[in-house]
Amino acid sequence: MRRRNQDTLSRIATSSRERLIVFTRYPEAGKTKTRLIAELGPDGAADLQRRMAEHAIRRVGEVIKSRGASIEIRYEGGNQILMSQWLEGNFLYREQRGKDLGERMLTAFVDAFQDGVKRVLLVGTDCPGITSEIVERGFQELSRFDVVLGPAADGGYYLIGLKKSYPELFYDAPWGTDEVLNWTLKIACFHGLSTRLLDCLSDVDRPEDLHIWNT
């Protein structure tokens, strides 16, 4: 039955012209939010990951209903059964594939465009401030720009939107540094791609960031 349900969701997803891809991890103690383990402990860090992912998916899911877009959960850790038991929603679940973050993101975009999707937003779950309005604006801006980015306060980005896969935006990026956003903008400019920035949000990744979640 679960396999038939997933096949049905796959057919629905491939008929949608827009897709929101959510990158997240299965909240397993000791393997998620590892930089917060010293402050929260393994179970506490995993619980925070769970709550933040649920919060983000709940918020961004509001706009999906109005636009008729599909939601795909790209997960790391766990498996499809565990993910669907956790999140329960009518989502398409696919495991992240690739040797680094850039390759995993590019693969997600390539798969979506091969499914026939025309506009794709990819978001993470580390920014509590993400809203359905931001996602709505992201889809809207893709009608006018090649690349849409949601800047994160730490120098990265929490959202990227494309209408076509551009491998050059993902290869050799300085992942994990405060130069990711600027590097991406420079690469886009070098290749003649138009860009649009959305609201800047703060993410929760280190102990000093916990007040962002608690406010």
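Please treat every number below as a calculation from the coordinates, not as lab data. Just so it is clear, the structure is predicted and the values come from calculations on it, not from any experiment. As a convention, Cβ positions derive from the backbone with ideal geometry for all residues, glycine included, and neighbour counts pool all protein chains shown.
What the table shows:
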| item | result |
| --- | --- |
| Residue-by-residue Karplus 3J(HN,Hα) for region 175-185, coefficients 6.51, -1.76, 1.60, Hz, glycine and proline x | 4, x, 10, 8, 9, 4, 5, 4, 4, 5, 5 |
| Neighbour-count order for Met83, Met105, fewest beta carbons within 10 angstrom listed first | Met83, Met105 |
| Simple spin-label estimate for Asn182 and Val110 in nanometres, 7 Å along Cα-Cβ | 3.0 nm |
| Label zone at Ala153, where the point sits 7 Å out along the Cα-to-Cβ direction: region 183-215 residues whose backbone N lies under 16 Å | 199-215 |
| Intensity falloff of the chain expressed as log10 I(q)/I(0), Debye formula with alpha-carbon point scatterers, at q = 0.12, 0.17, 0.18 Å⁻¹ | -0.60, -1.27, -1.43 |
| Backbone HN-Hα couplings from phi across region 194-203 [Karplus 6.51/-1.76/1.60, Hz, Gly and Pro as x] | 7, 10, 9, 9, 9, 4, 7, 10, 9, 10 |
| Label-point gap, in nm, between Arg17 and Ser143 - each point 7 angstrom along Cα→Cβ | 0.9 nm |
| Ranked list, fewest to most other Cβ atoms within 10 Å of each Cβ, for Lys31, Lys99 | Lys99, Lys31 |
| Net charge, Glu54 excluded, C-beta distance under 15 Å - Lys, Arg +1, Asp, Glu -1 | +2 |
| Extension gain from Asp43 to Arg58, taking 0.36 nm per residue of separation minus the Cα-Cα distance | 3.2 nm |
| Neighbour-count ranking [beta-carbon atoms within 10 angstrom, fewest first] of Ser84, Ser143, Ser70 | Ser143, Ser84, Ser70 |
| Burial order of peptide ranges 35-42, 135-142, 155-162 (average beta-carbon count within 10 Å, highest first) | 155-162, 135-142, 35-42 |
| Residues whose placed amide H lies under 5 Å from that of Tyr93, excluding near-sequence neighbours | Ile73 |
| Antiparallel %, DSSP beta bridges [both residues in region 2-214], to 5 | 30 percent |
